[in-house]
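See structure below.
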Amino acid sequence: MPQKAQSMPELTVVVPVFNEAENIPELIQRISATLDRCVQSFEIILVDDGSSDGTLAAARAARDADPRIDALSFSRNFGKEVAIAAGLDHARGSAVVIIDADLQHPPEAIEAMVTKWREGYENVYGQRIDRRFDAPLRRALTMRFYHLFERFGETSLPPGAGDFRLLDRKAVNALLRMRERARFSKGLYAWIGFKSIGVPFQVAERASGASKFSYGKLTRFALDGLTSFSTMPLKVWGYFGGLISIFALSAATFFIVRTLLLGVDVPGYASLIVSVTFLAGVQLLSLGVIGEYIGRIFAEVKGRPLYIVAEHLSRDEQAQASGAARIGNAAE
Ligand code: UDP
Ligand code: MG
């Protein structure tokens, strides 16, 4: 197959996009304007995560205007974390920037990240200064989650760091080796290590549309994060069970001794029911926790591809040029 005569870009920008058609033109324009100033060459990969609006058409229009833009389109919505993984899989740059499509991450901040990268940092994360554009309930729950993660997670996350970041090729290659399905990217970025530094940025208001994360989606994401980076929820039931057993044994001893000394008392119906239901509750809860992990083990063991690409703009062009038919493929 004839390879396109195109040299490797210095920087790749990966953008997960889900129903963001209106934001694409401004996004591309601002990213290009910034990168023209600070890198020799770049490519922008839009990963269309199964959008149902005109996102793919907008991507195609952007590509027609500028061949440095490429787009992958998933066969359905696989989630932002998987979209990022697909972008990293296809990135060719010596460094990769991950950025949201809704312009909450200011593209102009990439310049400062590139400066840090040139200084030798391999994991340059955008550090949000505040969360004032998040709904108060979401902000409170997010804070709660990070406290829990800080306490029980096996990896510590730098405060304010998110997906907006620049990763050197070495860090990208490390991430490419992690094919887990329950993906909590923030944890993975921290887990791989490398020389890291934060670049502060002010989160902007969403340019258009609404957040694509419902509370349901966020809860699943938080569970993925905790179960991927902590086994505490599995272990805590052992300690809890131990404590309850000690308590139950002492109570049994107390009752035996009392019965021997004072004879049979009025049967303790209430306390019996209370302890039986309490223990049943604890057991079901702990089974539920085990179920959360087993469900994830099941998903990993199945070993399905992370995502299915339905269309890949630059690849499709090559296929057309060589007269080959495009074959739907898994993870390419
Ligand atoms: N996104 C995605 N797939 C999804 C949900 C979101 O690719 O299933 C993208 C979305 O288009 C945006 C980024 O992920 O570029 C962040 O999403 P959003 O702005 O809705 O999240 P928030 O800023 O509320 O955390
Ligand atoms: Mg957003």
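The values are calculated or read from the model by the stated rules, or taken from the named source; none is laboratory data. Nothing here was measured: the structure is a model prediction, and the numbers come from that model. Please note: Cβ atoms are built from the backbone with ideal geometry, for glycine as well, and neighbour counts cover all protein chains shown. Heavy atoms of the whole protein, side chains included, go into the accessibility calculation; ligands, DNA and RNA do not. Shrake-Rupley method; radii C 1.70, N 1.55, O 1.52, S 1.80 Å.
Some observations on this one:
- 222 nm mean residue ellipticity, helices alone, for the chain (DSSP H n ≥ 4; -39,500 (n - 2.57); rounded to 500): -16500 deg cm²/dmol
- Inter-part distance, segment 118-160 to segment 184-251, computed on C-alpha centroids, equals 11 Å.
- Length gained when the stretch Glu154-Phe255 is fully extended (0.36 nm per residue, less Cα-Cα span): 32.1 nm
- Inter-probe distance in nm under a simple model that places probes 7 Å from Cα toward Cβ, at Ser211 and Ser271: 4.8 nm
- For the chain, the solvent-accessible area with a 1.4 angstrom probe is 53 square angstrom per residue.
- The Rg/Rh ratio of the chain, with both radii computed over alpha carbons and Rh defined as the Kirkwood radius, is 1.13.
- Other residues with beta-carbon under 12 Å from the beta-carbon of Arg139 carry, at +1 per Lys or Arg and -1 per Asp or Glu, a net charge of +3.
- Cα-Cα separations in segment 100-192 greater than 22 Å, expressed as whole percent: 35 percent
- In the chain, the DSSP beta bridges split such that about 35 percent are antiparallel, to the nearest 5.
- Residue-level accessible surface for Ile45, protein heavy atoms, 1.4 Å, Å²: 0 Å²
- Accessible area per residue was computed with a 1.4 Å probe on protein heavy atoms; Glu292 scores about 70 Å².
- Over 32 Å (Cα to Cα) - which of Lys170/Lys302; Lys195/Lys302; Lys212/Lys235; Lys80/Lys195 fall in this group: Lys195/Lys302; Lys212/Lys235
- To put it simply, the accessible area of segment 120-176 at a 1.4 Å probe is 56 percent carbon and sulfur.
- Per-residue extension of 0.36 nm, minus the Cα-Cα distance of Ser94 and Ser245, leaves a gain of 48.6 nm for this segment.
- Taking the Cα centre of the chain as reference, the dipole from Cβ charges on Lys and Arg (+1) and Asp and Glu (-1) amounts to some 860 debye.
- As a fraction of the 1.4 Å probe accessible area of segment 211-267, surface on carbon and sulfur atoms comes out at 78 percent.
- Only one residue of Met8, Cys38, Ser230 has its Cα farthest out toward the positive end of the dipole of the chain, where Lys and Arg carry +1 and Asp and Glu -1 on Cβ, and that residue is Ser230.
- Note on exposure: Ile290, Ile99 ranked by accessible area (1.4 Å probe, complete protein assembly) read Ile290, Ile99, with the most exposed listed first.
- GNM result for the chain, Cα springs below 10 Å: residue of Ser185, Ser271, Ser314 fluctuating most strongly: Ser271
- For Phe133, solvent-accessible area (1.4 Å; no DNA, RNA or ligand), Å²: 80 Å²
- For the chain, the longest principal axis of the Cα atoms and the long axis of helix 55-65 meet at an angle of about 30 degrees.
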